[in-house]
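Peer 1: Before I ask anything, here is the structure I am working with.
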Amino acid sequence: MPGNIKAQLLPHSKREEVELHRATGLDVHAGVTLVEVIIGIFIFSLALMPIMGLFGRGSMSTQMTGDYLAAMQTCSSYLRALSALPAVELPIGNPVPLDREFGSLVTNRVKIPSGAVLNATQFSHRLQIRYVMRDAVKKNLWFDFMVQPGQLASMTVYKQLLRLDFEVSWRSRHDGQTDRVRLFTYKADLE
Amino acid sequence: MKTSVSRKRGMVIVIVLFALTSSLIFAGFLMNRSVKQGYEKIITRERTQLELLCHAAIEIAKLKIKAAPTELYTAFRFKLDEPAATRTSALYDAFLADLRLEVLDPELTSESVPMTARVTAIERLGITKKGTGLSNGYVEDYLRITASASSQLASFSGGKGLKNDVVMQVTMQITKLERQ
């Protein structure tokens, strides 16, 4: 039985301990001393500091990625919502005043705030809408095509194509600098 | 003789080193994951931007079709319906030639990340429905627009670079008046 074997191996008296020590060289009282434990804890804590720094950096990086993705999602969703509106309801401006609703239809309306707090981070929004101009003097937009083989023509579509830039900025948790995400799209006046 | 004590002495160091190595490996794994997350967010941003540009290219194609429907159908006719001797895709190619965002908006070329977006095809699906309810001569036709957008990040993940491509297709209905 294992219990009996264990009992047989354990010393029962000082004399038996001495005999066991002489026979095997093992000191039944030998173990980790307090000095060793203190030294171990000291080394462990010294080495743990940079390692904890790595943990903290990983955590910080995850938070920063979260902020970035939140900003990108904000840009994308507002640009898609604005693109769904008729072009005539998109005001030209740099920047376009926010904190108001865009769109006249109850069923197709979007409210864009000038800022928002997401996951304890303050985000600021900026919207720019302008007409797209094809020429260098920025006065016109046109399309080219052929009406007959070899016969080129063009047609002006002045002020019928808009460019929408949406920028979200926030203060980085890492270095306190301002980070930015900007996405843009184009919207044609098809009405 | 105290040989037994020296056998156990130093075990704490081994245990501490083992714990530290384990922690270091785990911290390295977390760091590696966070670095990959950093790359992932850039990739996601690029793809989102390219999706928006594909939408924009399709929007611009609709604008051109609305502005010049006769010219588009003339291009289709010369490309598909004319006798072999007079058949040409020059009109069709000319129609698509400026359906590129970098052509229509020269400011696109000044973006920090080089990107392009264009309409690659406008196809006549051949599904024509007569009797639209408008009046005689009007027919409904269906067109398929294909747009593609791409970007090239030069310095990415150790200078390897990153190329992103997005292709989008949309089928649209057009109501047109056919000449008798």
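Bear in mind these aren't lab numbers, they're just calculated from the coordinates by the rules spelled out. Keep in mind that what you see is a predicted model, and the values were worked out from it rather than measured. Positions of Cβ are generated from backbone atoms using ideal geometry, with glycine treated the same way; all protein chains shown enter the neighbour counts.
Peer 1: In a GNM of chain B with a 10 Å cut-off on Cα contacts, which of B:A75, B:A57, B:A27 has the highest mean-square fluctuation?
Peer 2: B:A27
Peer 1: For B:E102 and A:A84, what does the FRET efficiency come to when R0 = 22 Å and r is the distance between their Cβ atoms, rounded to the nearest 0.05? Please list the in-between numbers first.
Peer 2: Values: r = 25 Å, r/R0 = 1.13.
My answer for the efficiency is 0.30.
Peer 1: Going 7 Å from the Cα of B:S155 along its beta-carbon direction, which residues of the range A:154-191 have the amide nitrogen within less than 16 Å of the resulting point?
Peer 2: Counting only backbone N, you get no residues.
Peer 1: Between the alpha-carbon centers of the range B:75-105 and the range B:145-178, tell me the distance in whole angstrom.
Peer 2: Answer, in whole Å: 20.
Peer 1: Still on this structure: What Kirkwood hydrodynamic radius do you get for the range A:49-145 when you take the inverse of the mean 1/r over all pairs of distinct Cα atoms, in Å?
Peer 2: 16.6 Å
Peer 1: Sticking with this one: Between B:I42 and A:L34, take the C-beta separation as r, use R0 = 56 Å, and let me know the FRET efficiency to the nearest 0.05.
Peer 2: Numbers: r = 53 Å, r/R0 = 0.94.
Between B:I42 and A:L34 the formula returns 0.60.
Peer 1: Can you return the aspartates and glutamates within cross-link range of A:K139? Criterion is Cα-Cα under 19 Å, with same-chain partners fewer than 8 residues away left out.
Peer 2: Result set, ordered by chain and number: A:D189, B:D98, B:E102, B:D105, B:E107.
Peer 1: Does a label point 7 Å from the Cα of A:A153, set along Cα-to-beta-carbon, have any residues of the range B:39-62 with amide nitrogen under 20 Å, and which are they?
Peer 2: Label zone hits: B:61-62.
Peer 1: According to a simple spin-label model (label point 7 Å from Cα along Cα-to-Cβ), what is the distance in nm between A:D175 and B:A84?
Peer 2: Computed distance between label sites B:A84 and A:D175 equals 6.7 nm.
Peer 1: Right, next: Between A:S45 and A:E101, what is the FRET efficiency for a Förster distance of 51 Å, r being their Cβ-Cβ separation, to the nearest 0.05?
Peer 2: 0.35
Peer 1: Right, something else. Quote the Stokes-Einstein diffusion coefficient, in whole µm² s⁻¹, for the protein assembly as shown, based on the Kirkwood radius over alpha carbon pairs, a temperature of 37 °C and a viscosity of 0.692 mPa s.
Peer 2: Values: Rh = 26.7 Å.
D, rounded to a whole number, is 123 µm²/s.
Peer 1: Which of the helices in chain B meet the span-like rule: DSSP H, Cα axial reach of 24 Å or more, Kyte-Doolittle mean at least 0.5? It would help to have the intermediate numbers written out before the result.
Peer 2: Numbers: long enough: B:11-67 (84 Å, 0.73).
Long hydrophobic helices here: B:11-67.
Peer 1: Which order do B:L104, A:L54, A:L127 fall in if you start with the one that has the fewest other Cβ atoms within 10 Å?
Peer 2: With the fewest neighbours first, B:L104, A:L54, A:L127 line up as A:L54, A:L127, B:L104.
Peer 1: Would you list B:E71, B:E111 from fewest to most Cβ contacts within 10 Å? Before the final figure, lay out the partial values.
Peer 2: Details: B:E71 22, B:E111 13.
Listing B:E71, B:E111 from fewest to most nearby Cβ atoms yields B:E111, B:E71.
Peer 1: Which entries of B:K66/B:K163; B:K62/B:K163; B:K64/B:K163; A:K111/B:K36; B:K62/B:K129; A:K159/B:K130 show an alpha-carbon separation above 24 angstrom in the structure shown? Walk me through the intermediate numbers first.
Peer 2: On the way: B:K66/B:K163 33 Å; B:K62/B:K163 28 Å; B:K64/B:K163 29 Å; A:K111/B:K36 35 Å; B:K62/B:K129 20 Å; A:K159/B:K130 34 Å.
Over 24 Å Cα-Cα: B:K66/B:K163; B:K62/B:K163; B:K64/B:K163; A:K111/B:K36; A:K159/B:K130.
Peer 1: Using the number of other C-beta atoms within 10 angstrom as an exposure proxy, rank A:M133, B:M11 with the fewest first.
Peer 2: B:M11, A:M133
Peer 1: Moving on to the next point. A:A120 versus B:T128, label points 7 Å from Cα toward the beta carbon: distance in nm?
Peer 2: So the label points at A:A120 and B:T128 sit 6.6 nm apart.
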